[in-house]
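First up is the structure itself, then whatever we jot down about it.
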Amino acid sequence: MEKNSVLEMRGICKYFPGVRALEQVDFTLREGEIHALMGENGAGKSTLIKVLTGVYHKDGGEVYIKGSSKPVVIRSPQDAQNIGISTVYQEITLCPNLTVAENMYIGRTKGHFTNWKKINADAGRLLDELGIPAIPAQQLGSCSIAVQQMIAIARAVDMNCKVLILDEPTSSLDEQEVAKLFKLMTGLKKKGVGIIFVTHFLEQVYEVCDRITVLRDGKLVGEYVIEDLPRVQLVSKMLGKDFDDMADIKSDSDSKQIDYGSTPVYECRQLDGTTGIKPFDFAIHKGEVNGFTGLLGSGRSECVRAIFGADKVNGGEVLIDGKPVKINKPLDAMKHGISYLPEDRKRDGIVGDLSVRDNIILALQVMKGFFKPISRAQAEQFADEYIKLLNIKTASSETPVKSLSGGNQQKVILARWLLANPSYLILDEPTRGIDIGTKVEIQKLVLKLASEGKSVTFISSEIDEMIRTCSRLVVLRDGKVVGELKGDELTQNKIMATIAGGES
Amino acid sequence: MSSNKIKTNKSFADIAKSIIRQQIFIPIAALLILVLFNLIADPTFFQITLQPNSDGFNVLSGNIISIIDRASELVILAIGMTLVTSASGGQDISVGATIAIAGSVILRVLCGTNTRADTLQAPVIVAFLICCIVSMIFGAFNGTLVAYFKIQPMVATLIMFTAGRSIAAWINNNELPVINDPKFGYYGNFIPGIPVPTPVFITIACLIVIALALKFTNLRLYSQAVGINPHSSRLNGINPQMIKFITFVILGLCVAVAGFIKVSRLSTINYSVVAKDIEMDAILAVALGGNALGGGKFNMTASVIGAYVIQFLTTTLYKYDVSSAEISAYKAVVVIILVVLSAPIVREKMGDLKKKLFPAKAVSKEAV
């Protein structure tokens with residue numbers, strides 16, 4: 001063990017059926033440092049954290065902690081706490097109906113009697129010390145989310161922790177609250193606590209962190225001192241594309257002839273979503289495939305949700321074929337020929353217990369209206385047609401959609417929206433979590449739809465896919481549209497540089 | 001040869017399996033067991049006779065007629081309860097109390113200012129329509145709490161469960177109106193000259209209406225979709241709140257019809273006992289039908305059969321001189337058995353057990 005490190009993980013492996021979630025991952029945390037753990041979804045960040053906190057049991061490797069020469073065994077979150085590893089999760093896991101002090105000491109009092117007076121006094125002292133603006137006897141629910149987050153941290157710190165894990169603590173905080181949280185973090189750092197900071201926000205990493213460890217596909221990419229790793233490098237490490245000598249992939253499709261002078265199929269001006277994105281302008285033309293890109297949490301999904309009316313929209317103008325319209329709810333968008341395949345297939349896409357057939361006809365049925373059900377025979381015909389067209393693997397059209405594989409579920413939802421015959425189709429991460437073959441099929445389908453004169457917005461975490469399919473990319477960072485790339489600018493290098501922004 | 005044999009075996013086993021897997025299997029099986037039990041214990045149970053009733057004309061009588069007649073209110077309520085369960089994933093426990101309100105409204109309209117009206121002060125149809133409107137308003141109240149204020153259905157309807165009977169009493173100034181015009185009794189008993197009890201016709205009418213509604217509207221698809229996944233329903237253009245709200249209004253309508261039958265049977269009302277505990281029987285009917293009480297997919301026929309099973313059970317128990325105080329205990333035992341048997345976890349275990357007992361079958365299946 002290095003002499004100033006508080007935690008060392010060596011050769012950690014974790015396997016799930018069919019997946020190598022972690023493969024020989026090393027991680028070192030030093031005393032008094034804030035260490036960012038970075039990686040895109042599925043890179044293994046949360047698995048590593050869960051191994052460290054005893055939620056998962058590792059399949060290989062060793063964990064050392066300061067003060068013990070032998071590797072430690074962590075079998076449960078309780079074990080982790082006992083050896084000084086505390087975690088604060090993205091969602092507050094405290095009880096809003098208890099007081100601040102009760103929350104800080106719940107489950108930690110010894111014996112049957114509790115000296116509330118002493119506990120309140122202790123809590124008050126600790127809050128003061130950490131500069132947290134809360135009163136011990138106050139109900140937790142009446143504090144702001146940021147303060148609740150800090151109280152969770154205070155609880156962790158008070159349990160004598162040497163290692164503090166903050167898992168996406170800033171995702172529901174505004175800028176000022178983030179600043180307060182960072183102040184607290186720097187204070188703890190000075191006290192010698194090692195902090196592991198998991199976040200998607202690049203700006204924040206460069207603001208407070210000392211070191212970065214990057215994971216990708218369950219493997220360690222490397223550990224870097226923050227000064228040595230410019231943003232662009234970090235992005236390329238996370239995405240797994242070498243920044244300099246990357247071969248630019250030529251688009252499969254022939255020259256995309258899009259008449260940019262014509263009236264856009266869809267246009268919005270200063271569309272103002274309520275989910276943390278800044279107002280943005282956007283337009284798409286007939287036969288065009290465009291993409292929204294940016295890291296996770298950059299607001300790319302929020303933008304398309306605002307277009308579809310999936311989330312509440314505060315203001316802005318929307319024009320369909322040049323005519324102003326109001327889109328307040330999904331049905332409005334559907335009636336104007338917009339379809340939306342959501343990012344979270346399980347939560348927002350499929351209706352699990354319903355049959356493949358009902359899932360396929362759902363959108364068309366809703367557009368037809370409550371009093372005009374599609375006849376059974378007709379529905380059967382639609383379902384069979386699309387099962388064949390998209391090559392959906394299902395026992396029958398009667399099978400509940402939840403029993404299909406992920407890729408086939410995705411195809412069912414695609415079928416649903418194709419059946420609705422939209423003029424503008426939004427696909428948010430249609431290729432996530434599905435096998436390669438299906439990914440290619442879906443990309444081909446997107447290009448085919450465009451050649452038939454439909455407009456498509458295609459979002460994917462994989463930049464290759466976007467380059468291959470899109471003729472124009474809107475780049476977002478931290479909820480803002482920061483650039484638009486088309487034509488020759490559509491190269492990995494240029495895209496990553498725009499995504500990273502800053503000093504590139 | 002042998003492969004042929006295996007094939008027939010398999011298809012036979014598969015048919016049996018698919019029948020058992022059917023949701024409707026449990027309530028039908030329960031009904032058959034009850035029928036079988038009565039056949040063995042006392043075949044006269046099924047006797048139907050044509051006897052003159054107190055008004056002096058011939059009507060059908062017998063246990064079976066009584067079951068079909070007495071189950072009417074429950075069947076009608078089960079229709080609405082199934083829809084509410086499907087869309088909201090919860091149950092309305094206020095239907096008994098709102099039946100009291102519905103009945104009270106009817107009597108109030110029919111009696112006018114008198115408490116003992118010898119002649120009807122308003123046409124029965126007017127009273128019925130007013131009762132429908134009032135019941136639907138109370139349904140809408142429950143629906144608003146559940147759909148728009150996102151209160152758990154059982155908690156939301158607890159309000160009317162508690163207050164309903166007081167409201168019913170208040171509507172008639174806490175008096176007990178009695179209707180002496182025999183014409184009003186036709187709807188809950190017999191129409192002169194027709195030997196079949198009138199509630200049976202009303203129930204059939206309700207079943208036809210709901211069957212048509214399920215066929216010619218998207219009520220089934222929408223309420224199932226909302227019950228299974230409200231997020232994705234919303235993104236497909238359905239308004240989940242509205243659908244939940246509508247199911248409660250429909251249940252309100254069912255309550256009105258059930259209340260109408262109830263008061264017509266007696267031509268009067270007792271606020272504190274009318275339709276007492278019927279909400280639990282209605283929920284039970286939905287559960288017996290194998291419908292998930294957490295919402296989602298539903299089978300209306302199964303619920304309706306479930307309602308008849310409950311009445312069949314009650315009548316059987318009465319026949320064997322179980323006192324009305326003890327009857328709930330007996331019912332509970334039967335309910336435990338049925339509900340446990342229809343629980344998915346038990347069915348899965350039974351499937352495993354079958355595999356263990358007949359491993360040969362499983363092997364032959366794999367071979368094919």
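The values are calculated or read from the model by the stated rules, or taken from the named source; none is laboratory data. Note that the coordinates shown come from a computational prediction; the quantities given were computed from them, not determined experimentally. No Cβ is skipped: glycine too gets one built from the backbone with ideal geometry, and neighbour counts run over all protein chains shown.
Worth pointing out:
- Residue A:324 part of a strand (DSSP E or B), without any contact (Cβ under 8 Å) to a residue 60 or more places away in the chain and either over 30 Å from residue B:215 (Cα atoms) or out of contact with any Cys (no Cβ under 7 Å at 6 or more places or on another chain) (or both): yes
- Within the option set B:79, B:93, being under 24 Å from residue B:308 (Cα atoms), surrounded by fewer than 24 Cβ atoms within 10 Å (Cβ to Cβ) and in contact (Cβ under 8 Å) with a residue 24 or more places away in the chain holds for one residue only, B:93.
- Any pair with Cβ under 8 angstrom, 6 or more apart, that starts in the stretch A:7-19 at a residue that is closer than 20 Å to residue A:65 by Cα and ends at one that is in a strand (DSSP E or B) and of a type in the set (S, T, N, Q): A:7/A:28; A:8/A:28; A:9/A:28; A:11/A:24; A:12/A:24; A:13/A:24
- When restricted to residues that are within 9 Å of chain B (Cβ to nearest Cβ), at negative phi and without any contact (Cβ under 8 Å) to a residue 12 or more places away in the chain, the stretch A:366-381 contains 5.
- All helices (runs of 4 or more DSSP H) inside the stretch B:176-273 with 1 or more residues being away from every other protein chain (no Cβ under 14 Å) and either farther than 17 Å from residue B:73 by Cα or touching a Gly at 6+ places or on another chain (Cβ under 6 Å) (or both): B:240-266
- Among the candidates A:302, A:343, the residue that is more than 9 Å from every other protein chain (Cβ to nearest Cβ), charged (D, E, K, R), assigned to a helix (DSSP H, G or I) and surrounded by fewer than 23 Cβ atoms within 10 Å (Cβ to Cβ) is uniquely A:302.
- Test for residue A:356: is it facing chain B (nearest Cβ under 8 Å) and crowded, with 20+ Cβ neighbours inside 10 Å: no
- Residues that are out of contact with any His (no Cβ under 8 Å at 6 or more places or on another chain), in the same structural domain as residue B:153 (by TED's automatic domain parsing) and within 16 Å of residue B:295 (Cα to Cα) occur in the stretch B:199-220; there is at least one.
- The lone criterion from (1) part of a loop (DSSP other than H, G, I, E, B); (2) under 30 Å from the mean Cα position of the chain (by Cα); (3) of a type outside the set (A, V, I, L, M); (4) closer than 28 Å to residue A:265 by Cβ left unmet by residue A:372 is number (2).
- If you check B:307, B:302, B:325, B:292 for being crowded, with 17+ Cβ neighbours inside 10 Å and not in a helix (DSSP H, G or I), only one passes: B:292.
- Pairs, first in contact (Cβ under 8 Å) with a residue 12 or more places away in the chain and over 19 Å from residue B:219 (Cβ atoms) in the stretch B:284-301, second part of a loop (DSSP other than H, G, I, E, B) and of a type in the set (A, V, I, L, M, F, W, C), C-beta under 8 Å, six or more apart: B:287/B:293; B:290/B:24
- Residue match in the stretch A:132-149 (condition: in contact with a strand residue (DSSP E or B) (Cβ under 9 Å, 6 or more places away or on another chain) and at pLDDT below 85): yes
- Verdict on residue A:61 being closer than 16 Å to residue A:27 by Cβ, surrounded by fewer than 21 Cβ atoms within 10 Å (Cβ to Cβ) and in contact with a Lys or Arg (Cβ under 9 Å, 6 or more places away or on another chain): yes
- Residues (under 22 Å from residue A:53 (Cβ atoms) and β-branched (Val, Ile, Thr)) located in the stretch A:72-128: A:72, A:73, A:74, A:83, A:85, A:87, A:88, A:92, A:93, A:106
- So residue A:338, is it within 7 Å of chain B (Cβ to nearest Cβ) and touching a residue at least 60 places away in the same chain (Cβ under 8 Å): no
Every residue, every condition in (1) at pLDDT 85 or above; (2) surrounded by 22 or more Cβ atoms within 10 Å (Cβ to Cβ); (3) acidic (Asp, Glu), yes or no:
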{"site": "A:463", "(1), (2), (3)": "no, yes, no"}
{"site": "A:472", "(1), (2), (3)": "yes, no, no"}
{"site": "A:476", "(1), (2), (3)": "yes, yes, no"}
{"site": "A:480", "(1), (2), (3)": "yes, no, no"}
{"site": "A:484", "(1), (2), (3)": "yes, no, yes"}
{"site": "A:489", "(1), (2), (3)": "no, no, yes"}
{"site": "A:502", "(1), (2), (3)": "no, no, no"}
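- Single residue of A:72, A:25, A:63 found to be without any contact (Cβ under 8 Å) to a residue 12 or more places away in the chain and either closer than 30 Å to residue A:218 by Cβ or in a helix (DSSP H, G or I) (or both): A:72
- Check on residue B:15, modelled with pLDDT under 95 and surrounded by 12 or more Cβ atoms within 10 Å (Cβ to Cβ): no
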